[in-house]
Amino acid sequence: MTTPPPGARLAQELALPPDVRVTEAMREHCPLRDTLDRIGDRWTVIVVVLLRGGPRRFSDLQRATEGISRRMLTHTLRNLERDGLVTRTVHPCVPPRVDYALTDEGHSLTGPLTGLLHWSMRHHDHVRSSRQAYDSSRQEPEAGGPPA
């Protein structure tokens, strides 16, 4: 009996497409963890979804995100640019105009992120009520009582 190549079992468990191989580098630096670290912050999903329609100016993005600070929007856009998901274009005019746009890789992320955003909006009430019910059922027992 032959031993499957390293990562083959994980690829099968994760239902990865046949053309995706789990490499040693992937096991050391998990692509999913890397991606979740980027999109798991408060603003990245919203910024990527806002950019799906085309380039936008910084001030337009700030108005559309409602509540993001200039500093946090700058940080979010820099991280997306660093990861190759967003481009920053400075137009030589007065005052300077800067546009942000998704790269091809960034566009490839909009489908899953838009789906995640829509799912979260549709199921938010259920998730919150489930959390509340769970937390209520797990309240600290009175002294002497068994734990929940």
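Taken together, the residues in segment 54-80 that are surrounded by fewer than 17 Cβ atoms within 10 Å (Cβ to Cβ) and out of contact with any helix residue (DSSP H, G or I) (no Cβ under 6 Å at 6 or more places or on another chain) amount to 16. Among the residues of segment 60-86, the ones that are within 19 Å of residue 35 (Cβ to Cβ) and not hydrophobic (A, V, I, L, M, F, W, C) come to 8 in all. Whether a residue is in a loop (DSSP other than H, G, I, E, B), over 20 Å from residue 116 (Cα atoms) and touching a Gly at 6+ places or on another chain (Cβ under 7 Å) was assessed, and residue 22 passes this test.
Let's see how each residue does on (1) without any contact (Cβ under 8 Å) to a residue 12 or more places away in the chain; (2) polar (S, T, N, Q); (3) not in a helix (DSSP H, G or I):
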site	(1), (2), (3)
49	no, no, no
111	yes, no, no
114	no, yes, no
125	yes, no, no
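The residues listed here are 94, 90, 98; of these, the one that is among the aliphatic types (A, V, I, L, M) and in a loop (DSSP other than H, G, I, E, B) is 94. Within segment 67-96, the set of residues being over 18 Å from residue 49 (Cβ atoms) and touching a Lys or Arg at 6+ places or on another chain (Cβ under 7 Å) comprises just one member, 91.
Whether any residue in segment 81-89 is surrounded by 12 or more Cβ atoms within 10 Å (Cβ to Cβ) and among the aliphatic types (A, V, I, L, M) is what I want to check.
First, the residues of segment 81-89 that are surrounded by 12 or more Cβ atoms within 10 Å (Cβ to Cβ): 81, 83, 85-88.
Then keep just the ones that are among the aliphatic types (A, V, I, L, M); that gives 85-86.
Looking for residues that are surrounded by 12 or more Cβ atoms within 10 Å (Cβ to Cβ) and among the aliphatic types (A, V, I, L, M), one finds at least one in segment 81-89, hence yes.
Any read-out appearing in this document is the output of simple, stated calculations on the displayed coordinates, not a laboratory observation. Because the structure is a prediction, the values reported are computed rather than measured. Methodologically, a virtual Cβ is constructed for each residue, glycine included, from the backbone with ideal geometry; neighbour enumeration extends over all protein chains shown.
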